[in-house]
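> Below: one structure in structure tokens.
Only the coordinates and a few stated rules stand behind these numbers; no lab work does. Small disclaimer: the values here were computed from a predicted structure and weren't measured. Neighbour counts are summed over all protein chains in view; Cβ atoms, including those assigned to glycine, are modelled from backbone coordinates with ideal geometry.
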Amino acid sequence: MGIRNEAETECFAMQLSIVMAVELRVPLAYSKQLGRLTLANYFDHPSNYIDTNRCREDGQWDLFKNRPSPPWHDFPGL
């Protein structure tokens, strides 16, 4: 995808973990928990993997802007 920034990569991976799990037919409750765990573990990463200014709900790297989105919230309807 051409992304070379570790913090941006980590941010996208956190957001897509639940999407990937659902696509792989992982049970929904487990998929949701996986999304929450990625956020809970975010600050355990090296500092160059963390950017809370851009990686936040409705932040610059939010893939699902203007709606509740993982890992910060469950998708509506899930």
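> Pick from Arg36, Arg67, Arg56: which is most flexible by mean-square fluctuation in a GNM of the chain where alpha carbon atoms under 10 Å apart are linked?
Sorting by GNM fluctuation, first place goes to Arg67.
> From Cα pairs below 8 angstrom and at least 6 apart in sequence, can you work out the relative contact order of region 1-73, rounded to a whole percent?
39
> Calculate the FRET efficiency for His73 and Asn48 from the Cβ-Cβ distance with a Förster distance of 35 Å, rounded to the nearest 0.05.
That gives a FRET efficiency of 0.85.
> Let me ask something else about it. Would you grab the residues whose amide H sits under 5 Å from the one on Gly59? Only those 5+ places off in sequence or on another chain, please, with H modelled 1.01 Å from N.
none
> What is the sum of charges, Lys and Arg at +1 and Asp and Glu at -1, for the other residues whose Cβ falls under 13 Å from the Cβ of Val22?
Summing Lys and Arg as +1 and Asp and Glu as -1 gives 0.
> Let me ask something else. So what's the back-of-envelope 222 nm ellipticity for the chain, counting only DSSP H runs of four-plus at -39500 (n - 2.57) apiece and dividing by all residues, rounded to 500?
Result for the chain: -13000 deg cm²/dmol, rounded to the nearest 500.
> Which of Leu39, Leu63, Leu28 moves most in a GNM of the chain, Cα contacts under 10 Å?
Leu28
> Can you run phi through the Karplus equation (6.51, -1.76, 1.60; θ = phi - 60°) for region 16-26 and list ³J(HN,Hα) in whole Hz, with x for Gly and Pro?
8, 4, 5, 4, 4, 4, 4, 4, 7, 6, 5
> Shape verdict for the chain, please, from the Cα gyration tensor: rounded (a/c under 1.5), prolate (a/b greater than b/c) or oblate.
Note, shape of the chain comes out prolate.
> Kindly express, to the nearest 10 degrees and within the range 0 to 90, the angle between helix 28-40's C-alpha long axis and the longest C-alpha principal axis of the chain.
Computed tilt is about 20 degrees.
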